[in-house]
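Asks: Take a look at the following structure, please.
The values are calculated or read from the model by the stated rules, or taken from the named source; none is laboratory data. Small disclaimer: the values here were computed from a predicted structure and weren't measured. Cβ sites come from the backbone with ideal geometry, for glycine too, and all protein chains shown count toward neighbours. Note: accessible area is taken over every heavy atom of the protein model, side chains too, but ligands, DNA and RNA are not part of it. Shrake-Rupley method; radii C 1.70, N 1.55, O 1.52, S 1.80 Å.
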Amino acid sequence: MAERIEQRLEDRVPELEQLERVGLFTRKEIKAVLRRASALEYKIQRRALRKEDFINYIQYEINLLELIKKRRARTGYSFKKDEIEISILHRIHSLFNRAIGKWKDDIQLWLSHVAFCKQWNAKHQLSRVFSSMLAIHPNKPALWIMAAKWEMETRRSSENARHLFLRALRFHPECPKLYQEYFRMELMNAEKQRKEKKEFERAKMDLGEFNYSEEILNGEMARIIYRDAAEKIKGVEFHLAVLSIAKLFDFTQDLQKEILERHGVFSLQTKFADDPLTWDYMARRELELGSLQSTERTTKQTKVSEMTQREERCSAVFEEAVKAVPTEDMWKYYITFCLERYNRKTNSEELKQKRLERTLTVFNKAHESSLLPEVLYKQWLQLLLESNLCEKATEVAEAATKRFSLSVEMWQMRLQVLIQLKSDDVTQCFEEAIKHVKSKGTLPIWTLWVEWSEGTKSKEDTEALYQRSLHTTTHAESVTMKEKYLDWTYRNSGYKKVRRVFTSLCENRPFSLDFFRKMIQIENEQESCKMLHLREYYERALREFGSTDTDLWLDYIKAELSHPQGKPENCGSIHWRAMKMLQGELVEDFVAKYTLLQTGHL
């Protein structure tokens, strides 16, 4: 193994000599590179290989390349690239190949190699990487799409891209995304050829051997792809996605018409009558139709009137939709449309008011139909509060908690509304929330309750609430409440009280590390900070977290060294205990940090 490593290091000598000769690196830097490379080589030659070692080595070499690039830019020296950069690039590709050969299933490793090839314009190497990756991972459509896009957009090869898509479809004959991207690629190819032909004709050049097929120019290849896909893929999502792609190209009017008439909205009653997405498309299409029919010379008032009419036509389609498909999803599409229109900027107060009224009406109708999704109640309440409809907001919040009585989010939302409106029913609502919601998820409610109490109630009431929360929440959630209780006590009652609270809270597990760190911080803030108390807090914390946290041990040692009442002679004992309690890599981490501490670098 040593001979192999020595050989690899010797192979680096020519490039390093060149770096020194041309003045990009100093002799001292060259020696540092060799030392680092030697350490990295030994790690990747071990019997038990680790992926992290290869990644670290690759990253080091990439950083070296970037440094050389910056120094070239600074000095203006651009020669000897074959002897320097090319050699390093070959080594990085070799490292990637070794790592990928060992961990073939790691997609991220493959993608890292792809990204590196793209960054350094290694087209030939990237082509081989894609070929190997697709041979091992043919079951991932996204990789096929990535490779085909690269062939089309970077190498400008529609033939290679088409070949990759056809191979991909043999593995995934019913993958909508593959068909969509293949469809897009053929339209992009047609558009490219149309532009080329136009440029030739404008220059009055003889096309000669250039033969542009009218079928390709008119998007016939994309039409064939769509027809093939339409036979295999069911559901309106695919057809609308393809239609949105076709609309990006100005020569696809006939193709768009075929998509609409064959599997689109005009066959709705027979094919997609129960799909909310179809209705959403039909409604939104009214906006586009309106814009196509608009004239050039219009006044501001005319534009507002026209926009109002278009949105009303959209709304009429949605009204028909919620009758035909009375589902939560359908109402969600309708409300989303209304919110989008309401949030659009306009200088017309009349139009903005109409949008607001329409949105609130639709929210109310969905609510009365018991088909308003839980996630939309929050947006409804925000809209009501922004519009100063406080009474209605209170009613809606109450209705939401009745319908979703087990939802913590709904109760939080209602409580926030009542707090914002400074209602007298806040305490009663908190009691109802705790009663209805299962104890496992009540932490957000308790947090909100104590925060509200801190600002509105007496210290006695707030403390009683904290005590109650500790007994009501689960063990895991009580950890957060202990931290908040400690912090609140210190802010409102001072050091002596917080000491007593800390001692009482330590009687019941579990704890968090932040709980102990907060108490240590409080002690350090005192003018007469006592090392005896700090030792108590550190010892309590180490009993809980001493086997998993190296920084806790180091902070304890630093306290003994820096505190006026500290005993530096205790550091050896603390170090010995840390070595006994910590496990695995944590021991190495602790030793490294302790060494830095001893040398004054930490």
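Asks: Once the mean 1/r over all distinct Cα pairs of the range 1-103 is inverted, what Kirkwood radius in angstroms do you read off? Before the final figure, lay out each step's value.
Replies: Details: mean 1/r = 0.0698 Å⁻¹.
One decimal place: 14.3 Å for the Kirkwood radius.
Asks: Same structure, new question: For the chain, evaluate the Debye formula with one uniform point scatterer on each Cα (no solvent term) and list log10 I(q)/I(0) at q = 0.05, 0.06, 0.12, 0.13 Å⁻¹, rounded to two decimals.
Replies: -0.45, -0.65, -1.16, -1.19
Asks: Give the lysines reachable from Lys435 as a straight Cα distance under 19 Å; neighbours fewer than 8 places away on the same chain don't count.
Replies: Qualifying lysines at Cα under 19 Å: Lys402.
Asks: Ok, one more. Highest first, please rank the peptides 460-468, 211-219 by the mean number of other Cβ atoms sitting within 10 Å of their residues.
Replies: Sorting 460-468, 211-219 by mean packing, highest first, produces 460-468, 211-219.
Asks: Please provide three numbers in whole Å: the alpha-carbon extents of the range 443-510 along the principal axes, with the largest listed first.
Replies: Between the extreme Cα coordinates on each principal axis of the range 443-510 lie 26, 26, 14 Å.
Asks: By the scheme Lys and Arg +1, Asp and Glu -1, what is the net charge of all other residues having a beta-carbon under 11 Å from that of Asp250?
Replies: +1
Asks: Just to be sure I follow: if Rg is taken over the C-alpha atoms of the range 393-454 and Rh is the Kirkwood radius over the same atoms, what is Rg/Rh?
Replies: Reported Rg/Rh (Cα atoms, Kirkwood Rh): 0.92.
Asks: Residue separation times 0.36 nm, minus the C-alpha to C-alpha distance between Cys529 and Gln428: what's the value?
Replies: Working it through step by step, the gained length comes to 32.0 nm.
Asks: How large is the accessible surface of Asp105 in square angstrom, using a 1.4 angstrom probe and rounding to the nearest 10?
Replies: 130 Å²
Asks: Evaluate E = 1/(1 + (r/R0)^6) for Ile224 and Lys195, where r is the Cβ-Cβ distance and R0 equals 25 Å; express this FRET efficiency to the nearest 0.05.
Replies: Values: r = 22 Å, r/R0 = 0.88.
With R0 = 25 Å, the Cβ-Cβ based efficiency is 0.70.
Asks: Please state the charge dipole magnitude for the chain, taken about the Cα centre, from unit charges on C-beta atoms (+1 on K and R, -1 on D and E), reported in debye and rounded to the nearest 20.
Replies: On the way: 100 positive and 92 negative charges, 334 e Å.
Dipole about the Cα centre, nearest 20: 1600 debye.
Asks: Further question: Please give the contour-minus-distance gain from Ser87 to His475: 0.36 nm per residue of separation, less the Cα-Cα distance, rounded to one decimal in nm.
Replies: Full extension of this stretch gives 133.8 nm more.
Asks: Next question, about the same structure. Report the gain in length on full extension from Arg509 to Asp589: 0.36 nm times residue separation, minus Cα-Cα distance, nm rounded to one decimal.
Replies: Residue separation times 0.36 nm, minus the Cα-Cα distance, leaves 26.0 nm.
Asks: Next up: Of Lys354/Lys392; Lys459/Lys482; Lys378/Lys422; Lys422/Lys496; Lys365/Lys392; Lys332/Lys352, which ones are farther than 26 Å apart at the Cα?
Replies: Numbers: Lys354/Lys392 19 Å; Lys459/Lys482 16 Å; Lys378/Lys422 19 Å; Lys422/Lys496 34 Å; Lys365/Lys392 14 Å; Lys332/Lys352 21 Å.
Among Lys354/Lys392; Lys459/Lys482; Lys378/Lys422; Lys422/Lys496; Lys365/Lys392; Lys332/Lys352, the Cα-Cα distance tops 26 Å for Lys422/Lys496.
Asks: Would you work out the Kirkwood radius for the range 520-601? I mean one over the mean of 1/r across all pairs of different Cα atoms, in Å.
Replies: Averaging 1/r across every pair of different Cα atoms and inverting gives 13.1 Å.
Asks: What is the packing order of peptides 407-419, 159-171, taking the mean over residues of other C-beta atoms within 10 Å and listing the highest first?
Replies: 407-419, 159-171
Asks: Take Ala73 and Arg155, extend 7 Å from each Cα along the Cα→Cβ direction, and tell me the distance between the two endpoints in nm.
Replies: Roughly 3.0 nm, to one decimal.
Asks: Could you order the peptides 54-66, 521-533 from most to least packed, using the average number of other C-beta atoms within 10 Å per residue?
Replies: 54-66, 521-533
Asks: Once you sort the root eigenvalues of the Cα gyration tensor of the range 311-418 as a ≥ b ≥ c, which label holds: rounded (a/c under 1.5), prolate (a/b larger than b/c) or oblate (the other case)?
Replies: Values: a/c = 2.42, a/b = 1.27, b/c = 1.90.
Cα axes put the range 311-418 in the oblate bin.
Asks: Right, another one. Run the simple label-point estimate for Val13 and Asp329 please: 7 Å along Cα→C-beta, distance reported in nm.
Replies: Using points 7 Å along Cα→Cβ, the separation is 7.0 nm.
Asks: Around Leu67, what is the net charge, scoring Lys/Arg as +1 and Asp/Glu as -1 over all other residues with Cβ under 12 Å from its Cβ?
Replies: Local net charge: +1.
Asks: Further question: Give me the percent of the accessible area of the range 443-510 that comes from carbon and sulfur atoms, probe 1.4 Å, all protein chains in place. Please list the in-between numbers first.
Replies: Numbers: 1700 of 3420 Å².
Here it works out to 50 percent.
Asks: Where a Cα-Cα gap under 28 Å defines reach, which lysines qualify for Lys31, not counting those fewer than 8 residues away within the same chain?
Replies: Correct list for Lys31: Lys43, Lys51, Lys69, Lys70, Lys80, Lys81, Lys593.
Asks: A follow-up question, please. If you roll a 1.4 Å probe over the range 1-89 with all protein chains in place, what percent of the accessible area is carbon or sulfur?
Replies: 51 percent
Asks: Show me, for the range 243-248, the HN-Hα J-couplings you get by feeding each phi into the Karplus relation (A = 6.51, B = -1.76, C = 1.60, θ = phi - 60°), rounded to Hz, glycine and proline as x.
Replies: So the J values, rounded to whole Hz, are 4, 5, 5, 4, 5, 6.
Asks: Something else now. Rounded, prolate or oblate: which one fits the range 55-169, using the alpha carbon gyration tensor with axes a ≥ b ≥ c (rounded when a/c is under 1.5, else prolate when a/b beats b/c, else oblate)?
Replies: Since a/c reaches 1.5 but b/c is at least a/b, the shape of the range 55-169 is classed as oblate.
Asks: In square angstrom, what is the accessible area per residue of the chain with a 1.4 angstrom probe?
Replies: For the chain, the solvent-accessible area averages 55 Å² per residue.
Asks: Got a sec? Charge dipole of the chain, +1 on Cβ for Lys and Arg, -1 for Asp and Glu; which of His575, Gln420, Tyr179 is way out at the positive end?
Replies: Ranked along the dipole, the leading option is His575.
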